[in-house]
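Written below as structure tokens is the structure these notes are about.
Taken together, the values in this text are just the output of simple stated rules run on the coordinates, not laboratory data. Worth saying up front: this structure is predicted, and the values here are computed from it rather than measured. Please note: Cβ atoms are built from the backbone with ideal geometry, for glycine as well, and neighbour counts cover all protein chains shown.
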Amino acid sequence: MTSKPPDDDTNTSNSDDDDVNFFCLGDAALYMQTTTFNTTGQKRWDAAVAMKEFLFDKAEEMFGNTTEKKKICELGSGNGWLAMTMVKKFSCSIDTFYATEMDAGGALEWLNLILDMNREKGKLTPIQREKIYARSLDWNDVSLNKEDKDDERMSDIDFLLGSDLVYEESGVKMLPKVIAKLLSTRCKEPDAFMLYAHTKHRYDGMDVDFFGNLEKEGLDYEEVRKNGTKTPPPSPPPFESLFPELRVAVFRICLRTE
């Protein structure tokens with residue numbers, strides 16, 4: 001029987017795995033000083049909290065084999081809240097956490113600032129901070145070929161993460177391409193996957209196009225749930241309800257097998 005993955009024994013004494021407000025995420029004034037336009041990275045999104053709850057529930061399945069430390073890549077890390085939460089909880093089971101953001105608008109600078117702030121305030125230990133690599137990843141200029149030599153460390157990834165990344169047309173088109181590229185060129189195993197927390201019915205039109213584009217890129221997806229969770233009632237079809245329930249669902253996305 002696989003034992004429960006250990007928590008990091010170097011955690012600070014005032015840490016609390018259930019406290020979503022544990023980390024310092026900056027304020028509006030600092031955000032405006034750092035970024036040149038709204039990069040969505042100022043707040044902690046509900047979908048990221050749902051992803052954290054899912055991963056904590058699946059801890060034994062995801063991190064139970066402590067002899068093989070995981071390499072994780074998160075798309076659209078924003079303020080780094082999920083990266084910090086996961087590395088704080090599972091430091092002994094995580095080798096590297098790639099927290100990716102775009103350079104444009106100061107998004108990557110903001111991410112690094114928040115990560116370093118939490119190290120300085122003792123919310124992250126130096127070892128935990130070193131495990132989080134804030135990396136630039138521009139979805140509009142993806143050249144993630146295995147032959148690339150400028151990004152050698154971002155390889156042999158075990159799985160991808162993302163939370164509510166579809167909120168504009170460019171993301172609808174580019175995110176499926178990025179997911180397919182990362183799964184096919186940067187992941188350790190051919191059956192690698194992405195866990196994506198998505199608020200259903202937030203933008204019905206974009207949802208239809210996004211999931212359609214996943215299929216066009218050769219990707220399969222299915223909703224996955226926490227252990228013991230009952231299957232929720234089916235969501236209404238897109239555009240059918242004026243006020244549909246905005247439920248966060250976690251999807252497992254993988255390359256289609258022939």
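Please work out the Cα center distance from region 158-219 to region 96-123, rounded to the nearest Å.
Using only Cα atoms, the two centres lie 23 Å from each other.
Distance check, please: which entries in Lys123/Lys173; Lys131/Lys230; Lys121/Lys173; Lys89/Lys216; Lys121/Lys200; Lys70/Lys181 exceed 30 angstrom between their Cα atoms?
Working: Lys123/Lys173 37 Å; Lys131/Lys230 35 Å; Lys121/Lys173 39 Å; Lys89/Lys216 36 Å; Lys121/Lys200 36 Å; Lys70/Lys181 20 Å.
Lys123/Lys173; Lys131/Lys230; Lys121/Lys173; Lys89/Lys216; Lys121/Lys200, as the Cα separations exceed 30 Å there.
What is the magnitude of the charge dipole of region 32-117 about its Cα centre, with +1 placed on the Cβ of each Lys and Arg, -1 on the Cβ of each Asp and Glu, and no other charges, expressed in debye to the nearest 20?
That gives region 32-117 a dipole magnitude of about 140 debye.
Treat every Asp and Glu Cβ in region 57-204 as -1 and every Lys and Arg Cβ as +1, leave all other atoms uncharged, and give the resulting dipole magnitude about the Cα centre to the nearest 20 debye.
For this selection, approximately 440 debye.
Arrange the peptides 19-29, 129-139 so that the one whose residues have, on average, the most other Cβ atoms within 10 Å appears first. Numbers along the way, then the final one.
Working: 19-29: 13.4, 129-139: 18.4.
With the highest mean Cβ count within 10 Å placed first, the list reads 129-139, 19-29.
So, counting K/R as plus one and D/E as minus one, what does the shell of residues with Cβ under 15 Å around Met32 add up to? Kindly include the intermediate steps, with their values, before the conclusion.
Details: positive: Lys43; negative: Asp27, Glu109.
Around Met32, the surrounding residues sum to -1.
Please report Met86, Met206 as a ranked list, fewest other C-beta atoms within 10 angstrom at the top and most at the bottom.
By the 10 Å Cβ count, ascending, the order reads Met206, Met86.
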